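Presented below is the structure to which this report refers.
Rule-based calculations on the coordinates, nothing more; no lab input. Since this is a predicted model, take the numbers as computed values, not measurements. Positions of Cβ are backbone-derived with ideal geometry, glycine not excepted, and every protein chain shown enters the neighbour counts.
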Amino acid sequence: MAGSDWKVVMNADGVTISSDLFQLTTNSAEPTQLETVVTELQNIMHGTYGQYCGLSRAAEMIGERWSLLILRDLLVSPKTVADLRAGLPRISANVLETRLREMEYSGVVRRQDPMREQDQTVYELTEYGRSVEDVMLALSRWGAMALAAPRPEDILTEDSVVMALRSTFRADAAADRKASFEVRLGEVVVHAVVDHGELTVNAGSLPEADVIIESDTELKSLLSRAVSTEDALASRQVTVTGDPSLLDMFVEVFQLPAAPSPVRV
């Protein structure tokens, strides 16, 4: 597009961006439509990286904004568009639709029933899409090392906590252990069952769990060993209902590596 001038027009009918080579028009002047226009322009200009490389191809398929979080939530369970937007409230409907369409085209995502109405369609990962799980768990552990106090706009969701527990689980430390945990982080509740090296973790409460652990962001400090279980309990930043010794087991089985150097995010 070198040498071509771009023209932007915004009026009551919508937003139009054009040049002598193309024209893109939204059907309204809503601010979220601008994000859609930018996304479409990115698709036009940056369809590929022009690199014959596995990492480059992966970035083309799942490297766009929001794609990794959509993958994260679909790794927990299949979801409708409404389900995805509930867990990702800052994504616009148009961008979500674009991302799903891109990943569907790449063979990462599929519709359970392609004939259903758009708002009722259930999306799930293909077998190829699910094979990215180990990569996602490793990336989650890597990113968690940079987590400090939550930013004002940050939210916690059941799917994010489920994936956090999956990513921090140490099967070797749980080889001879068996226990069930209910974890309450504010309004977010998930449960995990550890059974001799195997982990099952899902959203929601677990009746008759061996122990109920209630906390906030202090749980991250526990899993990274920045705070001891004794100090966390004494300060009541973490509370336990049930066998308190199971909190020590929880910290041994679910563990975050410490950041190798100071991280500022």
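Between the C-alpha center of the stretch 79-155 and that of the stretch 210-240 there is a gap of 30 Å. Considering the options W142, G107, T80, tell which one lies farthest towards the positive end of the dipole of the stretch 67-166, charges being +1 on Lys and Arg and -1 on Asp and Glu at the Cβ, about the Cα centre. The Cα lying farthest towards the positive end belongs to W142. Each Lys and Arg contributes +1 and each Asp and Glu -1, all at the Cβ; summed about the Cα centre of the stretch 153-265, the dipole is approximately 340 debye. Cross-link reach is defined here as a Cα-Cα straight distance under 24 Å, omitting same-chain residues fewer than 8 places apart; for K178 the lysines meeting it are K220. For the stretch 82-233, a simple Cβ point-charge model (Lys and Arg +1, Asp and Glu -1, everything else neutral) yields a dipole of about 460 debye relative to the Cα centre. With a ≥ b ≥ c the root eigenvalues of the C-alpha gyration tensor of the stretch 156-262, is it rounded (a/c under 1.5), prolate (a/b larger than b/c) or oblate? Rounded.
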